[in-house]
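See structure below.
The values are calculated or read from the model by the stated rules, or taken from the named source; none is laboratory data. Treat the numbers as computed from the prediction; the structure is a model and nothing was measured. Note: ideal-geometry Cβ built from the backbone for every residue, glycine included; neighbour counts use all protein chains shown.
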Amino acid sequence: MSSGVPSTDEAPWPVLSQEAISMFASGVHSCFLRWTALQLAIENEWGGRNSSQKAAQLENDILAWFVHSKVRRYIDELEELLDDTMIEQFSMQTEDDSIQEVAEQLFILHEECSQGNYETVRSLAADSSQQKPASAKSVKAPNEDGESDSDDDIMEEDSPSGEAGGPSAQGSGSSRPAEKVSTLTEEEMADGWQEAPTRGRRRGGQRS
């Protein structure tokens, strides 16, 4: 295939040497570090407090899926495995082509490592060392239900008008509320009248 993915004929599934397994494991790790959706799930703990452990387990599962198989593997099977894991472990439904891209990259890495070619593995490792945090990229959070995080609410309530670190100062798309115009007349204000304060609960900025 022109994409570099092994053909789907019934050629024997390659058996990797110990060196190739080690290099392929490095490639899997680098590939996952570059996968923005997975890294956001880890950073935001969309899979719970043990999200990083779940991601590490996914790496081990993928490595075993390739290395310990006695039969030929196919890319659509890997795509389904990755998709199911993101949904079940991280409650995240990816809507882009990242799963297909990751699956294709892993098949290419496996094929190259089976041939003793580690150039792509080393290249990915070098790129991953300079990778920006996933939170710096714009990706929609999963399962938005209209409720803001409690931590965001607390930070914003403790920080009037969203200043000095409040979510409205940090979150993308957030803005300050418009100043309230007084409805009291000059005579009423001169007599000491004051408007009753309101305590609105504003939502924090949308996770990006």
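If we keep just the residues of the stretch 53-90 that are hydroxyl-bearing (Ser, Thr, Tyr) and modelled with pLDDT of 95 or more, which is farthest from Leu40 (Cα to Cα)?
Tyr74
Looking at Asn60, Asn50, which one is under 15 Å from Phe32 (Cα atoms) and either touching a Leu at 6+ places or on another chain (Cβ under 6 Å) or polar (S, T, N, Q) (or both)?
Asn60
Show the residue pairs that are 6+ apart or on different chains and have beta-carbon atoms under 6 Å apart, the first residue being within the stretch 25-39 and more than 17 Å from Leu63 (Cα to Cα), the second being surrounded by fewer than 23 Cβ atoms within 10 Å (Cβ to Cβ) and of a type in the set (Lys, Arg).
So the pair list comes out as Thr36/Lys137.
Out of the stretch 8-29, which residues are farther than 20 Å from Arg73 by Cβ and among the small types (Gly, Ala, Ser)?
Scanning the stretch 8-29 gives no hits.
Do we have Glu59 as more than 18 Å from Ala11 (Cβ to Cβ), in contact (Cβ under 8 Å) with a residue 60 or more places away in the chain and among the acidic types (Asp, Glu) here?
No, not satisfied.
Could you tell me which of the residues Ile75, Ile62, Ile42 is touching an Asp or Glu at 6+ places or on another chain (Cβ under 9 Å) and in the same structural domain as Glu101 (by TED's automatic domain parsing)?
Of Ile75, Ile62, Ile42, the one residue that is touching an Asp or Glu at 6+ places or on another chain (Cβ under 9 Å) and in the same structural domain as Glu101 (by TED's automatic domain parsing) is Ile75.
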